[in-house]
Amino acid sequence: MNSVLVLLSGGIDSAALVHYYRSQKTPVFGLHVQYGQPVAEREAQAAKAIAAHYGIELRIAQIKPPLARRGDEYFCRNAILVLIACANLSPGVNRVALGIHSGTIYYDCSQGFMADMQRLLDGYFSGTVTVEAPFLRWSKLEVYQYCMSHGVPVDLTYSCERNNDKPCGQCPSCYDRRRLYEAGGFMSAKKN
């Protein structure tokens with residue numbers, strides 16, 4: 001089976017993604033990208049911990065200057081992450097995977113985005129590189145339930161978008177984490 005490069009943010013979705021491919025016996029490599037997010041240090045620590053847990057190679061890339069944003073949304077983030085991943089493909093790696101899921105308002109978490117990215121990659125790579133999002137039709141809760149039923153180490157993940165030291169409790173990621181806690185109770189809402 002062809003190797004896959006997983007965009008490893010350090011959050012629940014990307015940790016689930018690493019497990020998903022590893023459970024299929026697919027060779028997995030990780031790429032963590034720092035793009036000027038306030039939690040870059042904490043996310044990198046989480047990505048390293050997840051990579052170590054699964055025994056995968058992890059590369060870290062930085063984008064400078066930081067990506068532009070409006071509130072909690074970074075413009076073109078997932079498209080840029082996919083292109084950076086493609087620019088970092090090792091020989092024999094011809095798949096790039098994102099841990100995006102349904103239920104968000106962002107274009108770059110949609111089926112249309114995935115189709116558009118694949119068309120772009122087909123232009124660059126003549127159909128030899130694919131972009132994948134196995135959880136695209138799953139809700140965040142379904143991704144979390146996958147983690148719980150398969151022993152994905154969610155305690156190693158980090159999801160706050162604003163604070164490196166402790167979760168802010170108010171950003172969309174903290175809100176999602178709190179909802180998961182209320183739905184399934186995997187850890188206190190304060191521990192992210």
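Answer yes if at least one residue in the range 58-74 is in contact with a helix residue (DSSP H, G or I) (Cβ under 7 Å, 6 or more places away or on another chain), farther than 19 Å from residue 108 by Cβ and either at pLDDT 95 or above or assigned to a helix (DSSP H, G or I) (or both), and no otherwise.
yes
What residue, of 71, 11, is of a type in the set (Gly, Ala, Ser) and crowded, with 21+ Cβ neighbours inside 10 Å?
Going through 71, 11 in turn, the sole match is 11.
Please work out which residue is nearest to the chain's Cα centre (by Cα), limiting yourself to the range 12-33 and to residues that are of a type in the set (D, E, K, R) and closer than 22 Å to residue 140 by Cα.
Filtering the range 12-33 for residues that are of a type in the set (D, E, K, R) and closer than 22 Å to residue 140 by Cα, the one nearest to the chain's Cα centre (by Cα) comes out as 13.
Go through (1) of a type in the set (Gly, Ala, Ser); (2) closer than 21 Å to residue 70 by Cβ; (3) touching a residue at least 12 places away in the same chain (Cβ under 8 Å) for residue 112 and report which single condition fails.
Of everything listed in (1) of a type in the set (Gly, Ala, Ser); (2) closer than 21 Å to residue 70 by Cβ; (3) touching a residue at least 12 places away in the same chain (Cβ under 8 Å), residue 112 misses just condition (3).
Being at pLDDT 95 or above, in contact with a helix residue (DSSP H, G or I) (Cβ under 6 Å, 6 or more places away or on another chain), closer than 19 Å to residue 3 by Cα and surrounded by 15 or more Cβ atoms within 10 Å (Cβ to Cβ), is that true of even one residue in the range 119-131?
yes
Condition check ((1) of a type in the set (S, T, N, Q); (2) at pLDDT below 85) across all residues:
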{"position": "133", "(1), (2)": "no, no"}
{"position": "136", "(1), (2)": "no, no"}
{"position": "140", "(1), (2)": "no, no"}
{"position": "146", "(1), (2)": "no, no"}
{"position": "160", "(1), (2)": "no, no"}
{"position": "173", "(1), (2)": "yes, no"}
{"position": "181", "(1), (2)": "no, yes"}
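Does residue 149 satisfy the condition of being without any contact (Cβ under 8 Å) to a residue 60 or more places away in the chain, in a helix (DSSP H, G or I), among the polar types (S, T, N, Q) and surrounded by fewer than 19 Cβ atoms within 10 Å (Cβ to Cβ)?
Answer is yes for this residue.
Within the range 19-44, track down each residue that is at pLDDT 95 or above and part of a loop (DSSP other than H, G, I, E, B).
24, 25, 26, 27
Does the range 45-52 contain at least one residue that is more than 14 Å from the chain's Cα centre (by Cα), without any contact (Cβ under 8 Å) to a residue 24 or more places away in the chain and not in a helix (DSSP H, G or I)?
no
What residue, of 36, 55, is surrounded by fewer than 20 Cβ atoms within 10 Å (Cβ to Cβ), touching a Leu at 6+ places or on another chain (Cβ under 7 Å), of a type outside the set (Val, Ile, Thr) and more than 20 Å from residue 143 (Cβ to Cβ)?
36
Any residue in the range 11-27 that's more than 26 Å from residue 41 (Cα to Cα): show its pairings with residues that are part of a helix (DSSP H, G or I) and of a type outside the set (A, V, I, L, M) at Cβ separation under 8 Å, as long as the two are six or more apart or on different chains.
23/150
Each row is one residue, and each column tells you yes or no for (1) among the β-branched types (Val, Ile, Thr); (2) in contact (Cβ under 8 Å) with a residue 24 or more places away in the chain; (3) within 17 Å of residue 10 (Cα to Cα).
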position	(1), (2), (3)
39	yes, yes, yes
54	no, yes, yes
64	no, yes, no
77	no, yes, yes
85	no, yes, yes
89	no, yes, no
102	no, yes, no
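The values are calculated or read from the model by the stated rules, or taken from the named source; none is laboratory data. If you're wondering where the values come from, they're calculated on a predicted model, not measured in any experiment. Don't worry about glycine lacking a Cβ; one is built from the backbone with ideal geometry, like all the others, and counts go over all protein chains shown.
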